[in-house]
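A.B. asks: Can you read through this structure? Questions will come right after.
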């Protein structure tokens, strides 16, 4: 399968697929649902042979902030997302995660992580 992007902002199933990504901070999942309903956050599905990810995010100036990512093939999917963000004219991707394993996994892709309390802020330059 070649790389495919589907807009799923109106899909309850897509929001349901994102819920496990918020198991460490369920209140943030409620905020995500409100932000999607308000039209601030979009939900996409990125698919290829190497990955099948549901991604929720919003543009913040030149940055694309990831609210949540769930599925399989995170590293491969982030490479596809990086290209999409770059094509859209943005210069970086950012996210916050409560999971140290996620921060370790994406470090190999050139993502920088800063640790503050129980969260890690991730930043990835796409230029």
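A.B. asks: May I ask you to say which residue of 41, 5, 55 is farther than 20 Å from residue 120 by Cα, modelled with pLDDT of 95 or more and buried (at least 18 other Cβ atoms within 10 Å of the Cβ)?
C.D. replies: Among 41, 5, 55, only 41 is farther than 20 Å from residue 120 by Cα, modelled with pLDDT of 95 or more and buried (at least 18 other Cβ atoms within 10 Å of the Cβ).
A.B. asks: Scanning for something surrounded by fewer than 16 Cβ atoms within 10 Å (Cβ to Cβ), closer than 19 Å to residue 13 by Cβ and in contact with a strand residue (DSSP E or B) (Cβ under 9 Å, 6 or more places away or on another chain), does region 59-78 turn up at least one residue?
C.D. replies: Within region 59-78, one or more residues are surrounded by fewer than 16 Cβ atoms within 10 Å (Cβ to Cβ), closer than 19 Å to residue 13 by Cβ and in contact with a strand residue (DSSP E or B) (Cβ under 9 Å, 6 or more places away or on another chain).
A.B. asks: Within region 100-112, track down each residue that is surrounded by fewer than 18 Cβ atoms within 10 Å (Cβ to Cβ) and in contact with a strand residue (DSSP E or B) (Cβ under 8 Å, 6 or more places away or on another chain).
C.D. replies: Narrowing region 100-112 to residues surrounded by fewer than 18 Cβ atoms within 10 Å (Cβ to Cβ): 100-101, 104-105, 107-110, 112.
Once the filter is applied, which keeps residues that are surrounded by fewer than 18 Cβ atoms within 10 Å (Cβ to Cβ) and in contact with a strand residue (DSSP E or B) (Cβ under 8 Å, 6 or more places away or on another chain), region 100-112 yields 100, 107, 109, 110, 112.
A.B. asks: Another one. Counting only residues that are within 10 Å of the chain's Cα centre (by Cα) and not in a helix (DSSP H, G or I), how many does region 52-83 have?
C.D. replies: 13
A.B. asks: Return the residue satisfying two criteria in turn: it lies in region 30-51 and is closer than 22 Å to residue 72 by Cα and part of a loop (DSSP other than H, G, I, E, B), and of such residues it is farthest from the chain's Cα centre (by Cα).
C.D. replies: Quick first cut of region 30-51, residues closer than 22 Å to residue 72 by Cα only: 32-33, 41-51.
If we keep only those that are part of a loop (DSSP other than H, G, I, E, B) too, we end up with 41, 48-51.
On the way: 41: 11, 48: 16, 49: 19, 50: 16, 51: 13 Å.
Taking the candidates together, the pick is 49.
A.B. asks: With the condition kept exactly as written, say whether any residue in region 84-92 is surrounded by fewer than 16 Cβ atoms within 10 Å (Cβ to Cβ), assigned to a helix (DSSP H, G or I) and either touching a residue at least 60 places away in the same chain (Cβ under 8 Å) or out of contact with any strand residue (DSSP E or B) (no Cβ under 8 Å at 6 or more places or on another chain) (or both).
C.D. replies: We begin by selecting, within region 84-92, every residue surrounded by fewer than 16 Cβ atoms within 10 Å (Cβ to Cβ); these are 87-89, 91.
This time we only want the ones that are assigned to a helix (DSSP H, G or I), so: 87.
With the extra rule that they be either touching a residue at least 60 places away in the same chain (Cβ under 8 Å) or out of contact with any strand residue (DSSP E or B) (no Cβ under 8 Å at 6 or more places or on another chain) (or both), the set shrinks to 87.
Yes, region 84-92 contains at least one residue that is surrounded by fewer than 16 Cβ atoms within 10 Å (Cβ to Cβ), assigned to a helix (DSSP H, G or I) and either touching a residue at least 60 places away in the same chain (Cβ under 8 Å) or out of contact with any strand residue (DSSP E or B) (no Cβ under 8 Å at 6 or more places or on another chain) (or both).
A.B. asks: Continuing with the same structure: Could you run through region 8-18 and say how many residues are exposed (fewer than 15 other Cβ atoms within 10 Å of the Cβ) and out of contact with any strand residue (DSSP E or B) (no Cβ under 6 Å at 6 or more places or on another chain)?
C.D. replies: 4
A.B. asks: So, one more: Just need a number here: residues in region 19-29 that are surrounded by 13 or more Cβ atoms within 10 Å (Cβ to Cβ) and farther than 18 Å from residue 78 by Cβ.
C.D. replies: 5
The values are calculated or read from the model by the stated rules, or taken from the named source; none is laboratory data. All values reported here derive from a predicted model rather than from experimental measurement. Glycine also receives a Cβ, built like all others from the backbone with ideal geometry; neighbour counts cover every protein chain displayed.
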